[in-house]
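Please treat every number below as a calculation from the coordinates, not as lab data. Here the structure is a predicted model, which means the values were calculated and not measured. Cβ: placed from backbone, ideal geometry, glycine included. Neighbour counts: every protein chain shown.
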Amino acid sequence: MKILITNDDGINAPVLSHLVAFARSIADEIVVVAPKTEQSGKSHAIDFTRPIEIRETSIAEGARCYSMDSTPADCVRFAVLGLKEKFDLVLSGINRGFNLGADLVYSGTAGAVFEAARLGIKGIALSTAPDDFSPAIASLPRLYEYFKKNDLLSRHGWYNVNLPKDPKGFRITRQGGIYYTDEFRRIDTVTYEQVGTPAAVTDTDPETDVLTLFDGYISITPLIAVRTDMQVFEALKNELN
């Protein structure tokens, strides 16, 4: 197996080397292409308006590593279109902070997996609490065995996974509602910063990723990159075409 690893927290994210170490236990070859600087909230963005700096680096043992001055989606694009290599799986993360519910649309971690889907490569986005990565790292072998036991990557190619600190087990989930509440905070007369904090949980369906995580289970959500509402499409096609 050949694995591509990326993230949106940047090439110097402390957890990156731990994800590489885990990947070495399941893969024959590992390539890391990660952003030069943090790219949180960049979603599926790519940068085609300027030259992009890409440097080979040695941040993790047992992998070829590249720092790219662009987004997570571009990191996947460079690995496939720039290096012209083929991969069996993209692992994105482990993100510093959960990627849940409707806020998934903003996630650079998930954006890398959506780009993998666009290029026909299977992918898993991984996220956990921002204060301590060690429980998530410890959960990776169990998570991989769960994927293998249930043949998840053969049944579907792309997943968003959120890892709580002391997981009780695994649940297949669907995307829930808004998890973060945001505000524009004034710094001075002309400058603001956007600040997001976890919102009060309003989901009532235990099948959502949000409630599953708060119940203490690892949330595994199958993702789809197609933007067409097929139900509406079929209804309108049959009525109007």
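Arranged from fewest to most other beta-carbon atoms within 10 Å of their beta carbon, Arg64, Arg55 become Arg55, Arg64.
Taking the DSSP bridge list for the chain and keeping only pairs wholly inside it, about 35 percent are antiparallel. For Phe87, Phe78, the sequence from fewest to most other C-beta atoms within 10 Å is Phe78, Phe87. Is the stretch 21-139 rounded, prolate or oblate when judged by the Cα gyration tensor, a ≥ b ≥ c being the square roots of its eigenvalues, rounded requiring a/c under 1.5 and prolate requiring a/b larger than b/c? Rounded, because the longest to shortest axis ratio a/c is under 1.5. For the chain, the Kirkwood estimate of hydrodynamic radius, built from reciprocal distances between every pair of different alpha carbons, is 18.5 Å. Taking all Cα pairs closer than 8 Å and separated by 6 or more residues, the relative contact order of the stretch 125-171 comes to 66 percent. With the helix formula -39500 (n - 2.57) applied to DSSP H stretches of n ≥ 4, the chain reaches a computed 222 nm mean residue ellipticity of -7500 deg cm²/dmol.
Per-residue 3J(HN,Hα) values for the stretch 91-96, derived from phi via the Karplus relation 6.51 cos²θ - 1.76 cosθ + 1.60 with θ = phi - 60°, read 10, 10, x, 7, 5, 7 Hz in sequence order (x marks Gly and Pro).
Once you list every other residue whose beta carbon is under 12 Å from the beta carbon of Ala27, what net charge do they have if Lys and Arg are +1 and Asp and Glu are -1? Write down the numbers at each step before the final one.
Details: positive: Lys2, Arg24; negative: Asp28, Glu29, Asp88.
That sum, taken over residues with Cβ under 12 Å, equals -1.
Taking 20 Å as the straight-line reach from the Cα of Lys86, the aspartates and glutamates in range (excluding those fewer than 8 positions away in the same chain) are Asp28, Glu29, Glu56, Asp74, Glu115. Taking Leu104, Leu89, Leu81 as the candidate residues, the one with maximal mean-square fluctuation in a Gaussian network model of the chain, Cα springs under 10 Å, is Leu81.
The stretch 185-215 and the stretch 102-165 have their alpha-carbon centroids 20 Å apart. Ranked by the mean number of other Cβ atoms within 10 Å of their residues, highest first, the peptides 133-139, 95-101, 228-234, 27-33 fall in the order 95-101, 27-33, 133-139, 228-234. Descending by average beta-carbon neighbour count within 10 Å, the peptides 12-19, 109-116, 179-186 line up as 109-116, 12-19, 179-186, the highest first.
Excluding Gly10 itself, what net charge comes from residues whose Cβ is under 14 Å from its Cβ, given Lys and Arg +1 and Asp and Glu -1? Provide the component values of the computation, followed by the final result.
Working: positive: Lys36, Lys42, Arg55, Arg96; negative: Asp8, Asp9, Glu38, Glu53, Asp69, Asp74.
Local net charge: -2.
In terms of other Cβ atoms within 10 Å, Ile187, Ile218 run from fewest to most in the order Ile187, Ile218. Amide hydrogen proximity for Val32: with H placed 1.01 Å from N in the peptide plane, the residues at 5 or more positions away or on another chain lying under 5 Å are Ile5, Arg64, Cys65, Tyr66.
Beta-bridge orientation, the stretch 168-241: approximately 65 percent antiparallel, per DSSP, counting only bridges with both partners inside. Taken about its Cα centre, the chain carries a charge dipole of roughly 660 debye when the Cβ of each Lys and Arg holds +1 and the Cβ of each Asp and Glu holds -1.
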